[in-house]
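Q: Okay, here's the structure, questions in a sec.
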Amino acid sequence: MATKAKTDEKYDGFTAEERDAMKERAKELKSTARGGSRASKAKADPEAEVLAKIAEMPEEDRLLAEGIHALVKAAAPELQPKTWYGMPAYARNGKIVCFFQPSGKFKARYSTLGFNDPANLDDGDMWPTAFAVTALTSETEARITDLVRRAAS
């Protein structure tokens with residue numbers, strides 16, 4: 001009879017990174033709650049918050065995030081920058097269309113550019129909703145620009 005090997009690590013449901021992301025999301029929701037004063041809402045600058053989050057990233061993630069931020073703003077200026085689970089995201093009518101998930105966020109092998117339901121990327125019965133991004137070349141920049149334009153349309 002085979003026995004399971006015991007490990008020193010105890011699984012509690014969420015990683016520390018996942019718990020941190022949930023805390024960031026709760027903070028984001030609290031700051032936009034209806035109960036806040038108009039003055040505090042007026043002071044809040046979502047793009048400044050996105051840029052601050054990007055500035056906190058390790059260099060490799062930061063360079064990708066800065067480039068993607070510029071591409072999204074140029075390709076779809078109607079999308080509003082905001083943070084989402086502590087990540088740079090871009091919304092239409094308050095709904096997240098696309099977001100950048102840095103590799104360091106969840107200790108992943110690569111960063112991703114993801115798209116949510118409001119993105120107009122439907123293509124038949126199956127299509128990708130997230131793309132690994134390891135470098136911003138002229139080819140990847142053109143693809144990102146095209147995807148963001150389509151998503152925002």
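Q: Just to be sure before I move on: is Ala130 touching a helix residue (DSSP H, G or I) at 6+ places or on another chain (Cβ under 9 Å) and under 17 Å from Ile144 (Cβ atoms) in the structure I sent?
A: no
Q: Right, something else. Please count how many residues of the stretch 91-105 are under 17 Å from Asp61 (Cβ atoms) and crowded, with 19+ Cβ neighbours inside 10 Å.
A: 7
Q: Under 9 Å by Cβ, and 6 or more places apart or on different chains, what pairs join a residue from the stretch 1-30 that is surrounded by 10 or more Cβ atoms within 10 Å (Cβ to Cβ) with one that is at pLDDT below 85?
A: Within 9 Å, the pairs are Lys30/Gly36.
Q: Within the stretch 65-75, identify whether any single residue is in a loop (DSSP other than H, G, I, E, B) and more than 21 Å from Arg25 (Cβ to Cβ), and answer yes or no.
A: no
Q: Now for a separate question. Which one is modelled with the highest pLDDT, of the residues in the stretch 31-45 that are assigned to a loop (DSSP other than H, G, I, E, B) and surrounded by fewer than 12 Cβ atoms within 10 Å (Cβ to Cβ)?
A: Looking at the filtered set, the residue picked out is Asp45.
Q: Is it the case that the stretch 61-81 has a residue that's farther than 19 Å from Arg150 by Cα, exposed (fewer than 10 other Cβ atoms within 10 Å of the Cβ) and not aromatic (Phe, Trp, Tyr)?
A: So far as the stretch 61-81 goes, no, none of its residues is farther than 19 Å from Arg150 by Cα, exposed (fewer than 10 other Cβ atoms within 10 Å of the Cβ) and not aromatic (Phe, Trp, Tyr).
Q: Being within 16 Å of Arg149 (Cβ to Cβ) and of a type in the set (Phe, Trp, Tyr): is that true of Tyr90 here?
A: yes
Q: Further question on the same structure: Look through Ala89, Ala74 and report the one residue that is closer than 23 Å to Ala152 by Cβ, over 13 Å from the mean Cα position of the chain (by Cα) and in contact (Cβ under 8 Å) with a residue 12 or more places away in the chain.
A: Values: Ala89 fails: over 13 Å from the mean Cα position of the chain (by Cα).
Selected residue: Ala74, the only one of Ala89, Ala74 that is closer than 23 Å to Ala152 by Cβ, over 13 Å from the mean Cα position of the chain (by Cα) and in contact (Cβ under 8 Å) with a residue 12 or more places away in the chain.
Q: Being at pLDDT 85 or above and β-branched (Val, Ile, Thr), is that true of even one residue in the stretch 46-53?
A: Yes, because at least one residue in the stretch 46-53 is at pLDDT 85 or above and β-branched (Val, Ile, Thr).
Q: Just need a number here: residues in the stretch 73-111 that are under 14 Å from Ala130 (Cα atoms) and touching an Asp or Glu at 6+ places or on another chain (Cβ under 8 Å).
A: 3
The values are calculated or read from the model by the stated rules, or taken from the named source; none is laboratory data. Not measured: the values here are computed from a predicted model. Heads up, the Cβs are rebuilt from the backbone with ideal geometry, glycines too, and the neighbour counts pull from every protein chain shown.
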